[in-house]
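Engineer: Below you'll find the structure I mean.
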Amino acid sequence: MESQSPIKKYLPKVILLCVLGTAAYFGYNKYTYAKTHEETDNAQIETYFVPVLPRMAGYVKTVNVKDYDVVKKDEVLAEIDTDEARLVLEELNADFVQSQTDIENAKANINNLNVTINSANANLKANFLRKEKARKDAERDAKLVAENAITRKQADDSQANYEILSAQYEAGQEDILTAKSRIPILQAALHKAEAIMGVKKVKIEQQKLRLNYSKVYAPTSGRIGKKNVEAGQFIQAGQPLMTIVQDASFWVVANFKETQVHNLKIGDKAELKLDAYPDRILKGKIISISEATGAKTSLLPADNASGNFVKVTQKVPVKIEIVDLEKNKAMLRAGLSLEVSIELKK
């Protein structure tokens with residue numbers, strides 16, 4: 001019987017030893033990595049979503065973009081028909097001109113009244129002079145009738161003329177007082193007309209602003225999401241027309257288990273592996289950790305006081321900055337899933 005070859009005798013043991021050694025090596029590395037890293041696959045790319053909202057109602061005249069177009073800030077995205085708004089502006093302008101006429105009429109009434117008062121003052125002064133002359137004539141004739149130099153009828157006529165002129169003078173004074181009392185009324189009418197004109201002027205400026213709002217501009221640069229507007233559609237002020245996805249900034253929100261969070265600190269380095277690009281590893285760092293769990297900030301948070309309590313491990317959102325953002329921005333999309341590994345500080 002031939003003796004077994006040493007190679008055949010020891011090869012299975014060597015292979016087994018190599019396999020065990022390799023398994024031990026990778027097991028140790030995995031154990032060491034697990035002790036110095038925290039991982040999660042519950043993470044996604046985030047960015048800002050800016051809604052495009054019109055500031056006036058009307059029929060859409062034109063839409064200048066399509067789904068997923070790249071737009072720049074202040075680019076005209078859509079235009080609203082302004083024919084009716086321009087007619088309203090013309091009506092307001094005509095009404096404003098009428099208000100100017102009302103003010104001119106009010107000023108003319110005040111000027112006319114002042115002229116009337118000045119004329120009445122001049123007549124009153126003349127009446128005063130005639131009254132004083134009649135008074136002196138009546139006094140002189142009263143002395144002459146006592147001396148029988150004139151007849152009683154002449155003296156009575158002088159006294160009557162004096163009384164008539166005195167009554168006319170007093171009536172003139174009353175007319176002037178009455179005219180002056182109308183001045184505050186006419187001034188109030190003038191102030192009212194000026195106030196009305198001010199209101200109409202503001203309405204004109206408001207309508208001009210509405211005309212400026214007929215063009216809907218991009219509030220930021222980015223890429224159009226799905227648009228919800230077409231030419232000919234009637235829209236209301238504040239109605240969402242489309243959303244712009246900002247392409248200037250991206251970050252990662254990773255949801256770690258509550259049992260992992262105690263190991264995480266702001267500034268910890270992160271490795272980011274996108275599901276869409278598994279061969280690309282991005283670098284990042286933690287910039288903030290949420291003060292509440294994801295479930296607590298949901299629309300309908302769980303109420304553990306209901307009596308049907310089942311303990312579930314909670315997730316805490318962690319915001320991660322992408323360090324090498326600029327050179328990787330082209331492949332990033334909001335909502336992409338990725339795996340996150342955080343290197344724990346010693």
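Engineer: At 0.36 nm per residue, and after removing the present C-alpha to C-alpha distance, how many nm does the segment from residue 132 to residue 90 gain when stretched out fully?
Structural biologist: Numbers: separation 42, 0.36 × 42 = 15.12 nm, distance 6.32 nm.
So the extension gain works out to 8.8 nm.
Engineer: Right, something else. Along its principal axes, what span do the Cα atoms of the stretch 41-123 show, with the longest given first and each in whole Å?
Structural biologist: Taking the Cα atoms of the stretch 41-123, the three principal extents are 103, 31, 18 Å.
Engineer: Please state, as a whole number in µm²/s, the translational diffusion coefficient that the Stokes-Einstein equation yields for the stretch 54-99 at 25 °C and 0.890 mPa s, with Rh defined as the Kirkwood radius across alpha carbon pairs. Walk me through the intermediate numbers first.
Structural biologist: Details: Rh = 13.1 Å.
The diffusion coefficient I find is 187 µm²/s.
Engineer: Suppose R0 equals 41 Å; then what is the FRET efficiency for residue 327 and residue 64 from their Cβ-Cβ distance, rounded to the nearest 0.05?
Structural biologist: Numbers: r = 32 Å, r/R0 = 0.77.
Once rounded, the FRET efficiency stands at 0.85.
Engineer: Here's a follow-up. Let me check against my output: what whole-number percent is the relative contact order of the chain, with C-alpha pairs under 8 Å and at least 6 apart? All intermediate terms of the calculation are to be shown ahead of the outcome.
Structural biologist: Values: 509 pairs, mean separation 109.6, N = 346.
Normalised by residue count, the contact order of the chain is 32 percent.
Engineer: Moving on. Which of (1) 58, 43, 36; (2) 66, 50, 45; (3) 197, 47, 42 is the computed Cα extents along the principal axes in Å for the structure on display?
Structural biologist: Correct label, based on the coordinates given: (3).
Engineer: So, one more: Amide H neighbours of residue 344 under 5 Å, counting only residues 5+ apart in sequence or on other chains, H built in-plane at 1.01 Å?
Structural biologist: 37, 38
Engineer: Amide H neighbours of residue 244 under 5 Å, counting only residues 5+ apart in sequence or on other chains, H built in-plane at 1.01 Å?
Structural biologist: When sequence neighbours closer than 5 places are left aside, the close amide H contacts are 50, 52, 225.
Engineer: Pick out, from 337, 220, 165, the residue whose Cα sits farthest towards the positive end of the charge dipole of the chain, with +1 on the Cβ of Lys and Arg and -1 on the Cβ of Asp and Glu.
Structural biologist: Positive-end residue among those listed: 337.
Engineer: Neighbouring Cβ atoms within 10 Å as the yardstick, rank 211, 17 fewest first. Can you show the working numbers first?
Structural biologist: Values: 211 16, 17 11.
Lowest to highest Cβ neighbour count: 17, 211.
Engineer: Enumerate the residues in the stretch 233-257 having an amide nitrogen under 19 Å from the point lying 7 Å beyond the Cα of residue 221 toward its Cβ.
Structural biologist: 243-251
Engineer: In a GNM of the chain with a 10 Å cut-off on Cα contacts, which of 294, 58, 222 has the highest mean-square fluctuation?
Structural biologist: Result for the chain, Cα springs under 10 Å: 294 fluctuates most.
Engineer: For 84, 163, what ranking results if the residue with the fewest other Cβ atoms within 10 Å of its Cβ goes first?
Structural biologist: Numbers: 84 10, 163 14.
In increasing order of surrounding Cβ atoms, one gets 84, 163.
Engineer: Fewest Cβ neighbours within 10 Å first, please rank 262, 37, 191 accordingly. Walk me through the numbers before you get to the answer.
Structural biologist: Details: 262 8, 37 17, 191 12.
With the sparsest Cβ surroundings first, the list reads 262, 191, 37.
Engineer: Tell me whether the stretch 250-343 comes out rounded, prolate or oblate; compute the Cα gyration tensor, take square roots of the eigenvalues as a ≥ b ≥ c, and use a/c under 1.5 as the rounded threshold.
Structural biologist: Note, shape of the stretch 250-343 comes out prolate.
Engineer: Less than 12 Å Cβ to Cβ from residue 149, Lys/Arg counted +1 and Asp/Glu -1: what total charge do the surrounding residues give? Each step should come with its number before you reach the end.
Structural biologist: Values: positive: 140, 143, 152; negative: 141, 147.
Net charge around residue 149: +1.
Engineer: Tell me, what ³J(HN,Hα) does each residue in the stretch 93-106 have, in order and in whole Hz, if you take phi through Karplus 6.51 cos²θ - 1.76 cosθ + 1.60 with θ = phi - 60° and put x for Gly and Pro?
Structural biologist: Result, ordered by residue: 5, 5, 5, 5, 4, 4, 5, 4, 5, 4, 5, 4, 5, 5 Hz.
Engineer: Whole-Hz ³J(HN,Hα) for each residue in the stretch 60-74, computed from phi via Karplus 6.51 cos²θ - 1.76 cosθ + 1.60 with θ = phi - 60°, x for glycine and proline: what do you get?
Structural biologist: My calculation for the stretch 60-74 gives 6, 8, 9, 10, 9, 10, 10, 4, 6, 5, 8, 10, 9, 4, 6 Hz in order.
Engineer: Right, here's the next one. Would you grab the residues whose amide H sits under 5 Å from the one on residue 215? Only those 5+ places off in sequence or on another chain, please, with H modelled 1.01 Å from N.
Structural biologist: 80
Engineer: So, in Å, what gap is there between the alpha-carbon centers of the stretch 211-235 and the stretch 115-174?
Structural biologist: 87
Only the coordinates and a few stated rules stand behind these numbers; no lab work does. The model shown is predicted, which means the values in this text are computed figures rather than measured ones. Because the Cβ atoms are built from the backbone with ideal geometry, glycine has one as well, and the counts that use them run over all protein chains shown.
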